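Single-structure report; data block below.
The values are calculated or read from the model by the stated rules, or taken from the named source; none is laboratory data. Source: prediction; values computed, not measured. Here the Cβ positions follow ideal geometry from the backbone for every residue, glycine too, while neighbour counts run over all protein chains shown.
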Amino acid sequence: MGPVARLTGVTHRYGAVAALQDVTLDIPAGCMAGLIGPDGVGKSTLMALVAGVRQLQAGQVMVLGGDMGRAPVRRATAPRIAYMPQGLGRNLYPTLTVRENLDFFGLLFGQDRAERDARIAMLLKATGLDPFPDRPAGKLSGGMKQKLSLCSALIHDPDLLILDEPTTGVDPLSRGQFWDLIDHVRAQRPGMSVLTATAYMEEADRFDWLAAMDAGRVIASGTPQDLRQKGGGKTLEAAFINLLPADRRGDPAPLILPPRPDSGDAVPAIEARHLTMRFGDFTAVDDVSFTIPQGEIFGFLGSNGCGKSTTMKMLTGLLTPTQGETELFGEHMTSGDMQSRLRIGYMSQGFSLYGELTVRQNLTLHARLYAIPPADRAPRIAEVLRDFDLQAEADALPESLPLGIRQRLQLAVAVLHRPRILILDEPTSGVDPVARDVFWRKLIGLSRDDGVTIFISTHFMNEAERCDRISLMHAGKVLEVGAPAEIVARHRTDTLEAAFIEVLAHEMGDAARPLGSEGIAPVPTQNPARLAALIRTRAYAWRETLELMRDPIRLFFALAGPVILFITMGFGISFDVDRLSFGVLDQDQSAESRGLAEGFTAIRQFAEGAPLAGPQELAARMRQGDLSLALEIPDGFGKALAQGEAPEISVWVDGAMPFRAETARGYALGVIQRAAKDRAVAAGASTQDAVSFELRFLFNQAFKSANAMVPSILMLILMLIPAIMAAISVVREKETGTIANFRSTPVTRPEFLIGKQLPYIAIAWGGFWVLAALGRGLFGVPFTGQIWAFGAVALIYVTASTGFGQLMSSFTATQVAAVFATAIIAIIPTVNFSGLIVPTSTLALPGKLIGEAFPGAWFQQVSVGSFVKGYGWQDLVFPALVLAGFALTYLGLAILGLRKQER
Amino acid sequence: MQSLKNIAALTVKELRALARDRIMLVLILYVFTAAVWLVSNAASTEVHNLSVGVVDEDQSQLSARITDAIQAPMFASPVALTPEAAAQAQKAGRYVLVLSIPPGFERDLMAGGTAQLMLLVDATAVAHAGNGATFLRQAVLTEIAAWAGPQAASTSSVDVVFRNLYNPNLSPMWFTAVMQLMNNVTILMLILSGSSLIREREHGTIEHVLVMPVRPHEIALSKICANGGVILGAQILSLLLVVEGLMGVPVTGSLPLYVTGALIYVLAMGSIGLLLATLAQNMGQFGLLVIPVIIVMFLLSGAMTPMESMPDWLRLAVRLVSPAPHFVSFAQGVLYRDAGLLTVWPEMAAIAAMALVAVSLVLWRFRKVLSA
């Protein structure tokens, strides 16, 4: 049998960094092939290239006899490959249940209900997940997540199964079960090839064929025995180190843990009593007690999510236990206790120093926060840099450093203030074996030479063996504590791992029954190829709806957001200038002057104002912003009028807000002119001016701001919110990693985009009806158009606005970028150039063109027209066609922008 | 004492982080320079280039003079239309104003009779139609008066002098420029302080800091100080160099008083940003939360439309929860009306009170957030 995959001269770069360098490799078919090596050597890149989810840069990759560099071949080959990306359940949808997840994957391969039901029942049974079909994937334990991921990969009977570090972070029992399950599947389907990777070298011993990788190159390949021989080591890990270039093998001396000097009767460094931590109804840590003497290296072993990190956070004072207490050196610890913190050095899981600060700046910040006296700071930092061999990196940014050095930096920072206790949360996860050795030598030195107590969590068994004592934690409980040799003896097993598996099996009871006792029977494949596209589109629409329904924040934003914005903006953006504060400085006090002043307060636009005593008061109150407009009538006004002269009056206007000032001026002028006319009529003049100037307010006779603003705000909101929602929906998948499913299954770009768009169109259209009803009912805007025609155009409009969001999502990488980019790009033209405030007919040409290049300007006409201008079908056809054009263009561009393969 | 040192150390750290964020620096520079200028010159409520149609059924010398009187900059040059076309075009939103001059208009007036002009206003252009109609009416009546000759000119019996205080030409730029500054401060402070907290949570650095002898309020205050200092500085520079220097808007009021008020406002917005960040789980949620807050705060601040136009309940509610309307009236008072501390202290006190409430809520939420 030929190789299942053949790589020839494959090189892959991310920017300046080469992940793979001229790799030529044949991966044998029909067996269990594994890639070994630490993080960052190119394993994931190689597997992604074989799976066809990453774009080939240079070289050739032949998989199952087809050239993966060619799109048609990829399309034909994809259904025969299953790809499970790295990260615990990273391709699963955490809010979907076990069943729903599998249903979704079945749909992606075009399976009908009967076929899916049969396959899902069979897979759940085989993996022992059958008791939990309705549990959300996010609430599964690490081992169960991995099984579910495996089920989703196996749902379409692949010929090549690619598993990227499927067991990282999983407890040893589940890890063993997982590989047993794979063996079992392979026994049932002997033709199937498996390509996998692991960071646990001891695990790789059970694979049929291995390729050891280092720095983007394959340094050796063959059976495990071959590799051990080539490397000349007892274990694969030792062999691996020997296969590395000579200068990178590190210290050849074996790692020895000298015996711990007896601390005698000294108070224990850490004494934890009955620690319990509950989050809501979930108990993360359940009644954990332990005593750690000074200078001990205490190991903490357990799978991801078992409560290790929570326990450590309680010890550092980050979390206050729900129950129980901690004593450090015999002193009771409280969360606000700053003194006890000086004794603790902490290294959290994952890198948690400031990436924006250089190595030296990070150290300086810590020195200052730990109140190291200024005079001692520089020498201490120099000392630490020397001790941890970081002098060359002192002025580099941590992000540019390899993982091993970053971890060393974190340890350097943690010991900077000479703490008596070090709490280290999985400090060596993903670090290469050589760097791990260097790290451990440091730890041993700290413990034995300086008497520092070390509390360290790990999931590497060989690291656990180096501890003075270890404890095993599972599901919030400590199951076993003791020295490694003691535990092995107690359980009469050969290895520590075997002992732990026994403890776990006992604890888990039924859940630990051997798997694979039920057969993985082949299920005949139906082939509804013509319908498959529809099925896949529907699958995405269905899944998106479920996810949205279960995400309270997004759901609130989608449903309540438009209503809240509509109501506040509808009431808030108003150009009605009413109740202007008004004052009169009447220095005449005649009938005429009083009459003029009354003319102002007679109309609703001016609020009654107290008379002003003098010019000083007028000036003072204008300054306070109390008056928008003041009328000053000079002494002798009445007399002058009676004599037929034209006396001068002053109108003071607060110009701070020009629009209000302008409008107030217009009203004032009207009042004064009317008063003049009334006097003329009273004096016997004709009641008619030579020219009468009639104003006719069309479409909005009351000239109410709301009648125009409310329909325009409807336009703005239906642009903004649906676009943001749709943009997030795609980018979320990029961020959480589930986009891998789109890349590795037969779903096409239009199916993916349309499927994900449909729920948002539906929600936005539903929102449209709510807003339209509010506009009519709450704001009292008359509706004069044809409601169904209006609704139909609105449907096209929200299709365009959600399409715009998807277009934005095709070139943003994070949710936050998607939100802000969509908001900024949508808001600017929609607010400024779509007729919201400035009528489009008065815009200069550039503004007009910008406005018309977005859907908002077109729908503004439709919305205002349908509400108050009596628009019918014939008025809506053209804007509807333009909007449909936008919708199609956005979809087309989004399809072009979305990449089926990762770069 | 150590607490102050911690805040100082963390503030320096925040400033270093901001200094490395090139995109954010460019954004800050842009919004306080080019964006202020662009927005102040763009869409406004000023009557400018208003589209006008004329249905001239008189076709006389007078009707031609009237048409010519409709001029830039307020009006676009009028377009002659038939009555039917005018109705259709106005429905389609192509003209805000259509002046209709009836047949025999000039003849009737010359004969000493009366005549009627009609102005059809598209009343859906609510920000421009009212003032536009007033100005057009004035222009047309002035032109007719001039045509009728000096003997008929003095129709008004009162001589009205308008005195526009604080902005003699009612230039909208004076208003929008300063309001845009306020808007920038609102947006940037909310986003900067909020996202700096979320980023630390996502990267796990906040956990790391809290293990040290550092109290939560020191972290919160350092974020507000660092970001607030930068934004306050940028705002003052922008006010002096861009708004006053480049755009020629006179800044009459007391600068120290304005800086004090702006400082309080920056602290309040920074605290609210942190508060929003404690309500969100990740950056994506923070984005969803902060955008409606920004929109509502800006639109309901009095910087866009007058506060008097809002219903009483809404005005009260907004003044109770949002510092923005207080800052708008503070800024208008100090910068335009040259108001003193005695006049504006209630607004400053209100903003300060909101800042205190927000900071207290942030500290109260801190522990909850960390256990999540």
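Would you please name the residue that is farthest from B:I294 (Cα to Cα), looking only at residues in segment B:177-213 that are more than 9 Å from every other protein chain (Cβ to nearest Cβ) and hydroxyl-bearing (S, T, Y)?
B:S196
Would you check if there is a residue in segment A:339-347 being out of contact with any helix residue (DSSP H, G or I) (no Cβ under 7 Å at 6 or more places or on another chain) and modelled with pLDDT under 85?
yes
Would you call B:A146 within 30 Å of A:Q861 (Cα to Cα), small (G, A, S) and in a helix (DSSP H, G or I)? So that I can check it myself, show each step before the final result.
On the way: within 30 Å of A:Q861 (Cα to Cα): no; small (G, A, S): yes; in a helix (DSSP H, G or I): yes.
For B:A146, the condition - within 30 Å of A:Q861 (Cα to Cα), small (G, A, S) and in a helix (DSSP H, G or I) - is not met.
Looking at segment A:792-819, I want the residues that are assigned to a loop (DSSP other than H, G, I, E, B) and have a partner that is among the acidic types (D, E) with Cβ atoms under 8 Å, at least 6 apart or on another chain. Which pairs are those?
A:A813/A:E735; A:T814/A:E735
So how many residues does segment A:302-334 have that are away from chain B (no Cβ under 13 Å), buried (at least 17 other Cβ atoms within 10 Å of the Cβ) and assigned to a loop (DSSP other than H, G, I, E, B)?
Number of matching residues: 7.
So A:K900 fits all but one of (1) more than 30 Å from A:Q701 (Cα to Cα); (2) modelled with pLDDT of 90 or more; what number is the exception?
(2)
Residues checked against (1) under 18 Å from A:A464 (Cβ atoms); (2) assigned to a strand (DSSP E or B):
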residue	(1), (2)
A:L411	no, no
A:H417	no, no
A:L424	yes, yes
A:S429	yes, no
A:V434	no, no
A:D437	yes, no
A:W440	yes, no
A:I444	yes, no
A:S447	yes, no
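For a quick check of your reading: which helices (runs of 4 or more DSSP H) sit entirely within segment B:2-63 and have at least 3 residues that are in contact with a Lys or Arg (Cβ under 9 Å, 6 or more places away or on another chain), over 30 Å from B:E143 (Cβ atoms) and among the aliphatic types (A, V, I, L, M)?
Working: elements: B:2-20, B:22-32, B:34-41.
Because the criterion is at least 3 residues that are in contact with a Lys or Arg (Cβ under 9 Å, 6 or more places away or on another chain), over 30 Å from B:E143 (Cβ atoms) and among the aliphatic types (A, V, I, L, M), the helices (runs of 4 or more DSSP H) in segment B:2-63 that meet it are B:2-20.
If a residue counts only when it is of a type in the set (G, A, S) and surrounded by fewer than 17 Cβ atoms within 10 Å (Cβ to Cβ), which helices (runs of 4 or more DSSP H) contained entirely in segment A:49-143 have at least 3 such residues? Let's see the steps before the verdict.
Values: elements: A:71-77, A:98-108, A:113-127.
Per the criteria, A:113-127.
With the structure loaded, tell me whether B:L335 is farther than 22 Å from B:S360 by Cα and at pLDDT below 90 or whether it fails that test.
On the way: farther than 22 Å from B:S360 by Cα: yes; at pLDDT below 90: yes.
Answer is yes for this residue.
Exactly one condition in (1) buried (at least 19 other Cβ atoms within 10 Å of the Cβ); (2) in contact (Cβ under 8 Å) with a residue 12 or more places away in the chain; (3) facing another protein chain (nearest Cβ under 7 Å) is false for B:Q116; which is it?
Against the list (1) buried (at least 19 other Cβ atoms within 10 Å of the Cβ); (2) in contact (Cβ under 8 Å) with a residue 12 or more places away in the chain; (3) facing another protein chain (nearest Cβ under 7 Å), B:Q116 comes up short only on (1).
I need a count of the residues in segment B:241-278 that are within 14 Å of another protein chain (Cβ to nearest Cβ), surrounded by fewer than 18 Cβ atoms within 10 Å (Cβ to Cβ) and assigned to a helix (DSSP H, G or I).
Total satisfying the criteria: 0.
When segment A:208-217 is examined, which residues are found to be part of a loop (DSSP other than H, G, I, E, B) and surrounded by fewer than 20 Cβ atoms within 10 Å (Cβ to Cβ)? Walk me through it before giving the result.
Step one: filter segment A:208-217 for residues part of a loop (DSSP other than H, G, I, E, B), giving A:208, A:215-216.
Selection gives A:D208, A:A215.
Under the condition of being among the β-branched types (V, I, T) and touching a Phe, Trp or Tyr at 6+ places or on another chain (Cβ under 8 Å), which residue from segment A:287-322 is farthest from A:G87 (Cα to Cα)? Walk me through how you get there before you give the answer.
Within segment A:287-322, the first condition is being among the β-branched types (V, I, T), and the residues that meet it are A:288, A:291-292, A:297, A:310-311, A:316, A:320, A:322.
Now restrict to residues that are touching a Phe, Trp or Tyr at 6+ places or on another chain (Cβ under 8 Å): A:292, A:311, A:316.
Details: A:I292: 33, A:T311: 23, A:T316: 27 Å.
Only one residue fits best here, namely A:I292.
From the set of residues in segment A:547-562 that are more than 11 Å from every other protein chain (Cβ to nearest Cβ) and either free of Cβ contacts under 8 Å to residues at least 12 places away in the same chain or in contact with a Gly (Cβ under 8 Å, 6 or more places away or on another chain) (or both), which is surrounded by the fewest Cβ atoms within 10 Å (Cβ to Cβ)?
Here is the first cut: in segment A:547-562, the ones more than 11 Å from every other protein chain (Cβ to nearest Cβ) are A:547-550, A:559.
This time we only want the ones that are either free of Cβ contacts under 8 Å to residues at least 12 places away in the same chain or in contact with a Gly (Cβ under 8 Å, 6 or more places away or on another chain) (or both), so: A:549, A:559.
Working: A:M549: 12, A:L559: 15.
If we take residues in segment A:547-562 being more than 11 Å from every other protein chain (Cβ to nearest Cβ) and either free of Cβ contacts under 8 Å to residues at least 12 places away in the same chain or in contact with a Gly (Cβ under 8 Å, 6 or more places away or on another chain) (or both), then A:M549 is surrounded by the fewest Cβ atoms within 10 Å (Cβ to Cβ).
Within segment A:360-394, which residues are closer than 26 Å to A:R441 by Cβ and within 13 Å of another protein chain (Cβ to nearest Cβ)?
Selection gives A:R360, A:N362, A:L363, A:H366, A:A367, A:Y370, A:I372.
Would you call A:T198 crowded, with 21+ Cβ neighbours inside 10 Å and within 22 Å of A:R436 (Cβ to Cβ)? Full working, then the answer.
Details: crowded, with 21+ Cβ neighbours inside 10 Å: yes; within 22 Å of A:R436 (Cβ to Cβ): yes.
Yes; evaluated as a whole, the condition is true for this residue.
Quick test for you: out of A:D376, A:D337, pick the one residue that is acidic (D, E) and either farther than 24 Å from B:R201 by Cβ or crowded, with 24+ Cβ neighbours inside 10 Å (or both). Lay out the reasoning, then the answer.
On the way: A:D337 fails: either farther than 24 Å from B:R201 by Cβ or crowded, with 24+ Cβ neighbours inside 10 Å (or both).
The unique qualifying residue is A:D376.
Hey, any hits in segment A:465-472 for a residue that's of a type in the set (G, A, S) and at pLDDT 90 or above?
We begin by selecting, within segment A:465-472, every residue of a type in the set (G, A, S); these are A:471.
If we keep only those that are at pLDDT 90 or above too, we end up with A:471.
Within segment A:465-472, one or more residues are of a type in the set (G, A, S) and at pLDDT 90 or above.
Just give me the residues in segment A:341-356 being in a loop (DSSP other than H, G, I, E, B) and either among the hydrophobic types (A, V, I, L, M, F, W, C) or over 24 Å from the mean Cα position of the chain (by Cα) (or both), in sequence order.
Restricting attention to segment A:341-356, the residues satisfying the condition of being in a loop (DSSP other than H, G, I, E, B) are A:343, A:348-356.
Correct list: A:R343, A:F351, A:L353.
Mind listing just one residue for me: the one in segment A:460-472 that is of a type outside the set (K, R), in contact with an Asp or Glu (Cβ under 7 Å, 6 or more places away or on another chain) and not in a helix (DSSP H, G or I) and, of those, surrounded by the most Cβ atoms within 10 Å (Cβ to Cβ)?
A:L472
Out of everything in segment A:862-875 that is surrounded by 23 or more Cβ atoms within 10 Å (Cβ to Cβ) and assigned to a helix (DSSP H, G or I), what residue ends up being farthest from the chain's Cα centre (by Cα)?
Among them, the one singled out is A:V868.
To keep it simple, each residue is scored yes or no on (1) modelled with pLDDT under 90; (2) within 20 Å of B:S60 (Cα to Cα); (3) part of a helix (DSSP H, G or I).
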| position | (1), (2), (3) |
| --- | --- |
| B:V98 | no, yes, no |
| B:V121 | no, no, no |
| B:V126 | yes, no, no |
| B:N131 | yes, no, yes |
| B:L136 | no, yes, yes |
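Only one residue in A:D626, A:D635 is modelled with pLDDT under 85 and either more than 7 Å from every other protein chain (Cβ to nearest Cβ) or more than 59 Å from the chain's Cα centre (by Cα) (or both), so which one is that? Walk me through how you get there before you give the answer.
Numbers: A:D635 fails: modelled with pLDDT under 85.
Step by step, each of A:D626, A:D635 is checked, and only A:D626 is modelled with pLDDT under 85 and either more than 7 Å from every other protein chain (Cβ to nearest Cβ) or more than 59 Å from the chain's Cα centre (by Cα) (or both).
I'm trying to understand the selection: among the residues of segment A:179-207, which are more than 22 Å from A:M461 (Cα to Cα), assigned to a loop (DSSP other than H, G, I, E, B) and of a type in the set (A, V, I, L, M)?
Hit for segment A:179-207 is A:M192, nothing else.
Tell me whether segment A:842-851 contains one or more residues that are free of Cβ contacts under 8 Å to residues at least 24 places away in the same chain, crowded, with 21+ Cβ neighbours inside 10 Å and either of a type in the set (S, T, N, Q) or not in a helix (DSSP H, G or I) (or both). So that I can check it myself, show each step before the final result.
Quick first cut of segment A:842-851, residues free of Cβ contacts under 8 Å to residues at least 24 places away in the same chain only: A:842-851.
Checking which are crowded, with 21+ Cβ neighbours inside 10 Å leaves us with A:842-843, A:851.
Now drop any that are not either of a type in the set (S, T, N, Q) or not in a helix (DSSP H, G or I) (or both), which leaves A:842-843.
Yes, there is a match, as at least one residue in segment A:842-851 is free of Cβ contacts under 8 Å to residues at least 24 places away in the same chain, crowded, with 21+ Cβ neighbours inside 10 Å and either of a type in the set (S, T, N, Q) or not in a helix (DSSP H, G or I) (or both).
Name, by its number, the condition in (1) in contact (Cβ under 8 Å) with a residue 40 or more places away in the chain; (2) of a type in the set (S, T, N, Q); (3) surrounded by fewer than 23 Cβ atoms within 10 Å (Cβ to Cβ) that does not hold for B:S238.
Checking B:S238 against (1) in contact (Cβ under 8 Å) with a residue 40 or more places away in the chain; (2) of a type in the set (S, T, N, Q); (3) surrounded by fewer than 23 Cβ atoms within 10 Å (Cβ to Cβ), the one that fails is (3).
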